[in-house]
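Q: Sending over a structure as structure tokens; questions will come in a sec.
Just so it is clear, none of the values below were taken in a lab; they were calculated from the coordinates. Computed from a predicted structure; not experimentally measured. Cβ: placed from backbone, ideal geometry, glycine included. Neighbour counts: every protein chain shown.
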């Protein structure tokens, strides 16, 4: 039995001055046990930055998930929520021609990225620079033989990347 899932990821990029949002749409998972992949290249994290910055990942919901509301019975008005999650991995780099070294991460889940406090240092302190991000998101569905069933539908995740001056 083939299941088709449409996966969405909402990436919220925050700086103290600029707030922008970027959506990534992952490819559909048409066959159970396969992965959906989404890529964003060169999204701006912050412009006209001066001095070093600390990068912190904040998760509103990191794994792609879908919330289903179900009624207990036709007469009852009581609804229960059931959350289905899909394991999600993030890879990418935060870079700029104006910084000494890019911050690179590979195949990290929500918990691993949330404990990282990366720091970027400009080549010249007095010159403004722009930080960019390249991000690859992979979501993995369970194979048909697995006891864990993931239903078709739209799954979303939301993350924030904060740039803090230090």
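Q: Label residue 59 and residue 156 with points 7 Å out from Cα along Cα→Cβ: what is the distance between them in nm?
A: That separation, rounded to one decimal, is 1.8 nm.
Q: For 26, 163, 125, what's the fewest-to-most ordering of other Cβ within 10 Å of each Cβ?
A: Final ranking by Cβ density, sparse to dense: 125, 163, 26.
Q: Need one number: nm distance between label points at residue 114 and residue 101, each 7 Å from Cα along Cα→Cβ, rounded to one decimal.
A: 2.7
Q: Additional query: Please label the shape of region 114-166 as rounded, prolate or oblate, based on the square roots a ≥ b ≥ c of the eigenvalues of the alpha-carbon gyration tensor (a/c under 1.5 means rounded; beyond that, a/b larger than b/c means prolate, else oblate).
A: Verdict is prolate for region 114-166.
Q: Determine, for 44, 144, 137, the number of other Cβ atoms within 10 Å of each Cβ, and report the residues in order from fewest to most. Please report the intermediate quantities before stating the final value.
A: On the way: 44 15, 144 12, 137 24.
Going from sparsest to densest Cβ surroundings: 144, 44, 137.
Q: Between residue 28 and residue 82, what is 0.36 nm times their sequence separation minus the Cα-Cα distance? Round to one decimal in nm.
A: Result: 17.3 nm gained on full extension.
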